[in-house]
Amino acid sequence: MHVPLTENLLDAIPAAGLCVGEDDRILLANAAAAQMFGAGLAGRPASDVIRHPDFHDALGLALGPAGRGLARLQLAAPGAKGLYDVHITRQGSGPLRLVYFIDRTELDQADAIRRDFVANVSHELRTPLTALVGFIETLRGAARNDPEARERFLTIMEREAGRMIRLVNDLLSLSRVEAEEHRRPSQTVDLLPVLRSVLLTERDRAGAAGVEMSLAPGGAPSLVVGDADQLTQVFLNLAENAIKYGAAGGRVLFRIEEIPREPKLRARALAVTVEDFGEGIDPLHLPRLTERFYRVDSHRSREKGGTGLGLAIVKHIVNRHRGRLKIESEPGRGCRFTVILPAA
């Protein structure tokens, strides 16, 4: 038995829904549809509300033998900006059709991110692999009996293999961090030992680059709620970045400060700043620095062994801790990376 559509039934649909009748006029609209397209939809021609030929083709198709129509539309209505799948089904044998809208915007964005990620990883791996294959062929051929060339090529091959290992390790780290991002840490962590451990770990790297690393003295509290291993990774990544790209300034300074009430966190917080005094970065690049594989200078980053994932890992760890990452820089005045974390 056919049950006529009513406003109650239309409101039960977990999506924006319309009931379209004769002459393609809207008979009913649920609250979600009114939020998308505005109030007063009943009685209006569907063509006034959705001006897209694919939609009207699907409306007509639903009146045919199949009784169904489907369209994928990029909508720009005040309450409906994005990509939508529009499903249309005929009700009974008359002109009555049920139309509902499924938002695909986030799924489409996720697909695009996944495609870009695969393309970036493929590119990052293909370059060193191509170099390795080329050097292997050369060592088997023209340079077979050339000790000097062999030594030079093996050095380059070792560097390229190391780059691939770093990339794989960073990909694994990023995967682990993303998997845990929704679980908030519950341990109490003292940031002072964490930062001292980072300075000790990076001492040789900093010395080789001619950089002096130090922790500013101060009496600020240093306890936060967090994951000690992940916070160590955050400050190791920031220290490595500062040494690689801020070495011209000759020093990197760590500093802990208390924020009695952080507006966005709505609570007391601690701010850890990692500051270098090097070349700095054009502000144009700052909003994109935490994107995967984004580099201000791709060639220079690869030469220094960067994978383009360090700051993405930092961002995800800070998000897991319900904190904030603030990046400030200007050319010639160095960079300041500030991690703001809820205090314990």
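No value in this document is a laboratory result; all are computed from the given coordinates. All figures in this text were calculated on a predicted structure; none of them were measured in a lab. Here the Cβ is made from the backbone with ideal geometry for all residues, glycine too, and neighbour counts use every protein chain on show.
Overview of results
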{"item": "Extension gain (nm, one decimal) between S197 and R115, 0.36 nm per residue minus Cα-Cα", "result": "25.7 nm"}
{"item": "Centre separation in Å (Cα based) which lies between region 10-24 and region 117-162", "result": "62 Å"}
{"item": "Kirkwood-based Rg to Rh ratio, region 184-344, C-alpha trace", "result": "0.95"}
{"item": "Nearest-0.05 FRET efficiency for E148 and L265, computed from C-beta distance (R0 35 Å)", "result": "0.05"}
{"item": "Distance in nm between pseudo-label sites at M164 and R205 (7 Å out along the Cβ direction from Cα)", "result": "2.2 nm"}
{"item": "Dipole magnitude of the chain about its Cα centre (Cβ charges: Lys, Arg +1; Asp, Glu -1), debye to nearest 20", "result": "360 debye"}
{"item": "For region 65-151: Kirkwood Rh in Å [reciprocal of mean 1/r, alpha carbons]", "result": "18.3 Å"}
{"item": "Mean-position separation - Cα centroids, region 81-107 and region 202-249, in angstrom", "result": "54 Å"}
{"item": "Cα convex hull volume per residue for region 12-103 (Å³)", "result": "83 Å³"}
{"item": "Segment V133-E180, extension gain: residue separation times 0.36 nm, minus the distance between their alpha carbons", "result": "13.2 nm"}
{"item": "Where a label projected 7 Å from the Cα of L83 along Cα→Cβ would reach, residues of region 47-73 with amide N under 18 Å", "result": "54-55, 70-73"}
{"item": "Cα-based Rg and Dmax for region 102-179, where Dmax is the largest Cα-Cα distance (Å)", "result": "18.6, 66"}
{"item": "Degrees separating the helix 191-201 axis from the principal Cα axis of the chain, which is the longest one", "result": "60 degrees"}
{"item": "Order of H52, H182 under a 10 Å beta carbon neighbour criterion, fewest first", "result": "H182, H52"}
{"item": "Cβ-based exposure ranking for M213, M157, in which fewest neighbours within 10 Å come first", "result": "M157, M213"}
{"item": "Per residue Cα convex hull volume in Å³ - calculated over the chain", "result": "220 Å³"}
{"item": "Charged-residue dipole, Cβ positions (Lys, Arg, Asp, Glu), region 221-334 about Cα centre, Debye nearest 20", "result": "380 debye"}
{"item": "Distance histogram for region 60-213 (every C-alpha pair counted, 5 angstrom bins, percent rounded to whole numbers)", "result": "2, 7, 8, 8, 9, 9, 10, 9, 7, 7, 7, 5, 4, 4, 3, 1, 0, 0"}
